[in-house]
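Have a look at the structure below, then the notes.
Derivation of every value follows stated rules applied to the coordinates shown; laboratory data play no part. Please read these numbers as outputs of a predicted model, since none were measured by experiment. Every residue, glycine among them, receives a Cβ derived from its backbone with ideal geometry; neighbour counts consider all protein chains shown.
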Amino acid sequence: MTRKERFHSIIGWFAQNQPAVQSELHYTNPFQLLVAVILSAQCTDKRVNLVTPPLFEAFPTPEALAAASFDQVYPFVKSVSYPNAKARHLIAMAQMLLADYSGTVPSDIDELMKLPGVGRKTANVIASIVYDQPVIAVDTHVFRVAHRLGLSDGSTPRAVELDLERHIPAAQRPIAHHWLILHGRYICTARNPKCPECPLSAWCREAFADKEEVAAEVGEYLATLVRVRRQRAKESGLTEREMEVIRYCREGLSNSEIADRMFLSVNTIKNHKQRIFAKLNVRSVSELLAAIDRMGII
Ligand code: SF4
């Protein structure tokens, strides 16, 4: 499958089955979204959504946040990751918003990236969600999912971003970011991805690779098993034909049914059985089956 075909199938599936997904961060205006996205770096949206309501209530505008001290902001964000840096970034970001952008969150990605605490990923999230720009933010989920699915082999978030933007139509880029994030968060998780229930497994490079790996391991195991059993059968003095008779006995076939299968006469099957009984020192089919189970021959 070519990369183009893979994109076509995967994006097509999302478009058909998840036509309306959005950010799981809670916000009511671009400023709040910017604060929430800064806080979400290396942190879960769930945690950020617990932190932001009281934070937004205490500092509802860029003006309020810009005027706050570190000690005033820190208690609100202390439960997110990197609270010291994030508290400082939030205040500095609000101050720059006021000084350079009249308190309005800019739409230009390069301008957004000048704000403290705002990297390319955060800038792309704001540009796509607030300003509907045709960019894709690549966070850890998007990076992982894009690699596993075979949508990109880029070694940096920027390289993955460019691969995704090259293949995903501009109009679908803002929502594609959410598709991939949510897929990574709930299905294609970092540890233990839920491949058996993944709707994209048919097009997924990694799921396919896993299957090949498992198949190779199973194949190797079976080959070893066959080798061991052949060796044990040889040691017990049984011929290939006698082994075949034993297999049919195990299936519960009668002498005449075995004879039909092997294109031999019933008498020949009876003779085979007598020889098998003698070699394994048993007197009946049930003893024979118990013996070969014990010996691990078949
Ligand atoms: S099949 Fe597995 S590895 Fe591939 S995208 Fe789905 S969950 Fe992830």
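The simple spin-label model puts a point 7 Å past each Cα toward its Cβ; for residue 263 and residue 147 those points are separated by 5.7 nm. If R0 is taken as 51 Å, the Cβ-Cβ distance between residue 100 and residue 1 corresponds to a FRET efficiency of 0.60. This ranking places 109, 38 by how few other beta-carbon atoms lie within 10 Å of each, fewest first, which gives 109, 38. Which whole-number percent gives the relative contact order of segment 235-298, counting Cα pairs below 8 Å spaced six or more residues apart? Relative CO of segment 235-298 lands at 33 percent. 3J(HN,Hα) along segment 163-169: 4, 5, 5, 5, 9, 9, x Hz, from the Karplus curve 6.51 cos²θ - 1.76 cosθ + 1.60 with θ = phi - 60°, whole Hz, x for Gly and Pro.
Please rank 239, 104, 122, fewest neighbouring Cβ atoms within 10 Å first, as an exposure proxy.
The fewest-first ordering by Cβ neighbours comes to 104, 239, 122.
Partners of residue 114 within straight-line reach, counting lysines whose Cα lies under 21 Å from its Cα and excluding those fewer than 8 residues away in the same chain: 86. Summary value for the chain: 13 percent relative contact order, contacts being C-alpha pairs under 8 angstrom separated by 6+ residues.
Under 14 Å from the Cβ of residue 43, count the other residues' Cβ atoms, weight Lys and Arg +1, Asp and Glu -1, and hand me the total.
Local charge sum for residue 43: +3.
Phi angles across segment 110-120 convert, under the Karplus curve 6.51 cos²θ - 1.76 cosθ + 1.60 with θ = phi - 60°, into 3J(HN,Hα) values of 5, 5, 4, 6, 7, 6, x, x, 10, x, 4 Hz, Gly and Pro given as x. Note on residue 273: lysines with a C-alpha under 21 Å away, same-chain residues under 8 apart excluded, are 234.
Amide H contacts for residue 189 (H built 1.01 Å from N in the peptide plane; partners 5 or more residues away or on another chain; cut-off under 5 Å): 194.
Remark: segment 170-185, residue by residue, has Karplus-estimated 3J(HN,Hα) of 3, 5, 9, 4, x, 7, 4, 4, 5, 4, 6, 5, 5, 5, x, 6 Hz, where x stands for each Gly or Pro and the curve is 6.51 cos²θ - 1.76 cosθ + 1.60 at θ = phi - 60°. Could you work out how far apart the two model spin labels at residue 202 and residue 286 are, taking each label as a point 7 Å from the Cα in the direction of the beta carbon, and quote it in nm? Inter-label distance under the simple model: 5.1 nm.
Only Cα sites of the chain enter the Debye sum here, all with the same form factor; the resulting log10 I(q)/I(0) across q = 0.16 1/Å is -1.17, listed in q order. Loop exposure criterion: trypsin sites (Lys or Arg not before Pro), DSSP state outside H, G, I, E and B, at most 16 other Cβ atoms within 10 Å. Applied to the chain, the longest stretch between such sites is 195-282. The helix-based estimate of mean residue ellipticity at 222 nm for the chain, built from -39,500 (n - 2.57) per DSSP H run of four or more residues and divided by its residue count, is -20500 deg cm²/dmol to the nearest 500.
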